[in-house]
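> First the structure, which I've put down as structure tokens, then a few questions once you've had a look.
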Amino acid sequence: MKIAIIGAGAMGCLYGGKLSAVSDSEVFLLDVWKEHVNAINKEGLYMEEDGALLHYNQLTATTDAAEVGIVDLAIIFVKSTLTEQAVEINKAVFGENTVALTLQNGLGNIDTIGSKIGMENVIAGTTAHGATMLGPGRMRHAGVGKTIIGELSGTNSERIKEITAIFSAAGLKVEISENVMGLVWDKLLVNVGINALTGITKLTNGELLKHPEIEEVLEQAVKEGIAVANAKGILLGFADPVAHTKDVCKATASNKSSMLQDVLNHKPTEIDMINGAVVREGNRVGVPTPVNRLLCNLIHYFEKEK
């Protein structure tokens, strides 16, 4: 299978590296970071994992989608705020039968991608892995978790089965979901509880639970999200999303969330697609979301700092 990873940050490199080790797979990393692209092409991709240093050199990185051409599968890992731009810039990899899989954070990515390539070509999913960039061509696999994917229609299609088989061969634990929007909201609620708080406190995921006052804010933010999801008729996959969020904190205890990394590096965050999405959807269904609004305001304050 010919695979393009659109957005070769930490998560994109994690999946790209793992998938490149599967026989009969051809993996391309697409990214705008030229130094990173050059390092991968020159020396390969280095991944720290469980105290070991893994080396992947059976993949190609580029800034130009035209060099890749049409692929079978495009996995999109760019920030939600860049989804439309990324699909447009990399349109050369999308053919009539190309499947686009979004494993991004936040709400709205499915519709954005579908508006560009057709909703019938989009599948969605979530990942519970944690990863951190260490430098050009080098990253750390900081937390292991499941990848869950599904057709928007809820069907158990042949293409879903094929992608699942490839992920499994790469050593990625994967499941198929028949409730993809519930899946997206499940992941959203985890991010709602973790990302903004880590960005504000500078704590790792696991450290959030060591401070009762911070843990309480996590609980309230997720509960607001649950209330919004219920009002929208979303079928969530976890009986207790708050407990699930805490379990993710524990499973990725040493991980610095993507939002914390953005705050530390003075980059724009995905706050408006995560906690901000809860606020927007809450306004639409008449559910108050003061905790999430406060978290949004605080992250926007940190984004202004240089």
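> Restricting to segment 45-59, give me the number of residues that are surrounded by 17 or more Cβ atoms within 10 Å (Cβ to Cβ) and out of contact with any Cys (no Cβ under 8 Å at 6 or more places or on another chain).
Residues flagged as surrounded by 17 or more Cβ atoms within 10 Å (Cβ to Cβ) and out of contact with any Cys (no Cβ under 8 Å at 6 or more places or on another chain) within segment 45-59 amount to 3.
> Would you pick out the residues in segment 282-299 that are of a type outside the set (A, V, I, L, M) and touching a Gly at 6+ places or on another chain (Cβ under 9 Å)?
Within segment 282-299, 282, 288, 289, 292, 293, 296 qualify.
> For segment 264-284, indicate whether the set of residues that are touching a residue at least 60 places away in the same chain (Cβ under 8 Å), in contact with a Phe, Trp or Tyr (Cβ under 9 Å, 6 or more places away or on another chain) and closer than 22 Å to residue 80 by Cα is non-empty.
yes
> Filter segment 82-110 for residues that are surrounded by fewer than 16 Cβ atoms within 10 Å (Cβ to Cβ) and of a type outside the set (Gly, Ala, Ser); which is farthest from residue 160 (Cα to Cα)?
The extreme case among them is 85.
> Would you call residue 118 without any contact (Cβ under 8 Å) to a residue 40 or more places away in the chain, over 14 Å from the mean Cα position of the chain (by Cα) and at positive phi?
The answer is yes for residue 118.
> Can I ask one more? Answer with yes or no whether residue 300 is closer than 17 Å to residue 188 by Cα and not assigned by TED's automatic domain parsing to the domain that holds residue 82.
Judged against the criteria, residue 300 is not a match.
> Determine whether residue 256 is buried (at least 20 other Cβ atoms within 10 Å of the Cβ), at pLDDT below 95 and among the basic types (Lys, Arg).
Yes: the conditions hold for residue 256.
> Applying the selection to segment 259-275, what residues are part of a helix (DSSP H, G or I) and either in contact with a Lys or Arg (Cβ under 7 Å, 6 or more places away or on another chain) or among the small types (Gly, Ala, Ser) (or both)?
260
> Checking residue 130 against (1) within 15 Å of the chain's Cα centre (by Cα); (2) within 19 Å of residue 178 (Cα to Cα), only one condition comes out false. Which one?
The one condition residue 130 does not meet is (2).
> Look through segment 228-251, keep the residues that are in contact with a helix residue (DSSP H, G or I) (Cβ under 8 Å, 6 or more places away or on another chain) and among the aliphatic types (A, V, I, L, M), and return whichever of them is surrounded by the fewest Cβ atoms within 10 Å (Cβ to Cβ).
Filtering first and then ranking leaves 235.
> Taking segment 46-71 only, how many residues are under 25 Å from residue 158 (Cα atoms) and within 20 Å of the chain's Cα centre (by Cα)?
Final tally of qualifying residues: 0.
> Of the residues that sit in segment 9-32 and are surrounded by fewer than 18 Cβ atoms within 10 Å (Cβ to Cβ) and of a type outside the set (Gly, Ala, Ser), which one is modelled with the lowest pLDDT?
Within segment 9-32, the match that is modelled with the lowest pLDDT is 24.
> From (1) in a helix (DSSP H, G or I); (2) in contact with a strand residue (DSSP E or B) (Cβ under 8 Å, 6 or more places away or on another chain); (3) surrounded by fewer than 17 Cβ atoms within 10 Å (Cβ to Cβ), pick out the condition that doesn't hold for residue 300.
(2)
Residue-wise test of (1) at pLDDT 95 or above; (2) under 23 Å from residue 146 (Cβ atoms).
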residue: 244; (1), (2): yes, yes
residue: 248; (1), (2): no, yes
residue: 268; (1), (2): no, no
residue: 303; (1), (2): no, no
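The values are calculated or read from the model by the stated rules, or taken from the named source; none is laboratory data. This is a predicted model, so every value here is computed, not measured. Reconstructed Cβ throughout: ideal geometry from the backbone, glycine too, with neighbour counts over all protein chains shown.
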